[in-house]
1. Which percentage, to the nearest 5, of the DSSP beta bridges contained in the chain is antiparallel?
2. If you take every DSSP beta bridge fully contained in region 5-162, what fraction is antiparallel? Give it as a percent rounded to 5.
3. Just need log10 I(q)/I(0) for region 278-424 at q = 0.10, 0.11, 0.12, 0.17 Å⁻¹, Debye formula, equal scatterers on the alpha-carbon atoms, no solvent, rounded to two decimals.
4. Where does region 271-363 land on Rg(C-alpha)/(2.2 N^0.38 Å)?
5. Quick check on region 136-282: of the DSSP beta bridges with both residues there, what percent are antiparallel, nearest 5%?
6. In region 358-417, what is the volume of the convex hull around the alpha carbon atoms, normalised per residue and reported in Å³?
7. Given R₀ = 45 Å, what would the calculated FRET efficiency be for residue 76 paired with residue 543, taking r from the Cβ atoms and rounding to 0.05?
8. With no solvent and one point per C-alpha, what does the Debye sum give as log10 I(q)/I(0) for region 372-495 at q = 0.12, 0.16, 0.20, 0.23 Å⁻¹?
Ligand code: ASP
């Protein structure tokens, strides 16, 4: 038997018991007469002690130990002289009578402790060591518990977990596909699923009624902190449902997770706002509603006073930053620099200080009277001591820039704490998005999303105005999930493909299998998918999803540990009927 207890288990109640532990040596402290060893496993850390009077063989072995050696240690549980209140085993230590090295370790490239001294690249290269660290062990546990709760809840609600294939025909979800060459079909390729969208719809046609899958999805996109080329969705679909049915079931799931994982109870329904309102008030379709600072449209109030920048703007919006009239020149300059960054995209920023004496001080005093400024303040609900910040320009661009400014201020003012959660549903998205560059419409969600039926007439006259029967689940400015009621009528689906610029032939070629299925009695259906990695990161209080994925890729899409992607042999290429083009790898 390698162990009688784990390294996180022993307490003062175990005093005088003889125990055997196995684990990794985190640290050895040799104080001459006494040697202390921190022994670690998945469950915690226990201090082992070797005293002067300990057996000489034990002392000899202890002298050989290094970091990350795997050992088995037997001894007696004794109370600790200097208690460590920071760890659950901190009241005891184990006085060793036997010690055995089970395996040696090379010196690890970074210290494997709660706070590591390894840089990102090194930790990614030695991910198997990084995963030994407590924060990552906890992240994997959180992920496991989430998956477990999801399965329990969905099972209780009649959902069946059904697997769908990974080698498929491309499903457009707006990203590039990863493709896999087919040896048996030379010159032909599978795509890896961007999501199981078409399959789950087919399962509804097959009568499965309530489906879910915790499933890997693949998208060949540029990476950011919250994106990975392969990520996991909690993918769900239901038949004979309207939007309300879907939202009810999955609000229940979200509440269950908040409660079981974080101990948070949400008594009331999650707020719902329309996409229009989200954009007008927050400049974002995934608003962080933990704090106010919503937008005020001042366009008509500020125009006609000779200030060209405002007069020529399609939209002028303001946020009221409470209690910040005292911001210094330097702070305001910093914010101006912030909004001018290319990622934010504003040309400049106007401020109005609502001073404590009832006066106003602004960067546009030349053009506006104190009465003008006072009227803006009252439109924004500002009081003495508040600061107004205004951005102007094309409407959509300005709204999104103002969103960045609002979030930045939220961060600076500590209004976005990791342990406060504000979930909501965003509904009534536009069905289509016009792309200036290619001069065509794209599906904002995906091509299978049903339009709101009351907007159907607009399809032929003003497609850009048609609303989608789609919804997103948003928490703290993060889109945690999204879905829609689907088109289940082959004719409407065809119409949708047409608006999206597919010829009948293209549509048949790409989605013939789905349209065919729809000819055999497709039930009304709808569903959604949650981003599992994001949800875990959010609950864990992290910005990056990487820590919640055991083996993630870096920002260049590389697995630093296994060093992939990598080239394949000439023989493999031949077998696949493939030729590669010479590429310049010097910048890799
Ligand atoms: N397949 C969609 C997505 O990945 C989710 C859904 O509509 O159910 O975003």
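1. Antiparallel bridges make up about 95 percent of those DSSP assigns within the chain.
2. Values: 30 of 32 bridges.
Close to 95 percent.
3. -0.31, -0.38, -0.45, -0.93
4. My calculation over the Cα atoms of region 271-363 gives 1.19.
5. Details: 14 of 16 bridges.
Antiparallel: roughly 90 percent of the beta bridges in region 136-282.
6. Hull volume normalised by residue count: 109 Å³.
7. The pair residue 76/residue 543 has a calculated efficiency of 0.50.
8. After summing over all Cα pairs, the log10 values are -0.69, -0.98, -1.17, -1.31.
Where a number appears in this text, it was derived from the coordinates with a stated rule and is not lab data. Quick caveat: nothing in here was measured; it's all calculated off a predicted structure. We place every Cβ from the backbone using ideal geometry, glycine too, and count neighbours over all the protein chains shown.
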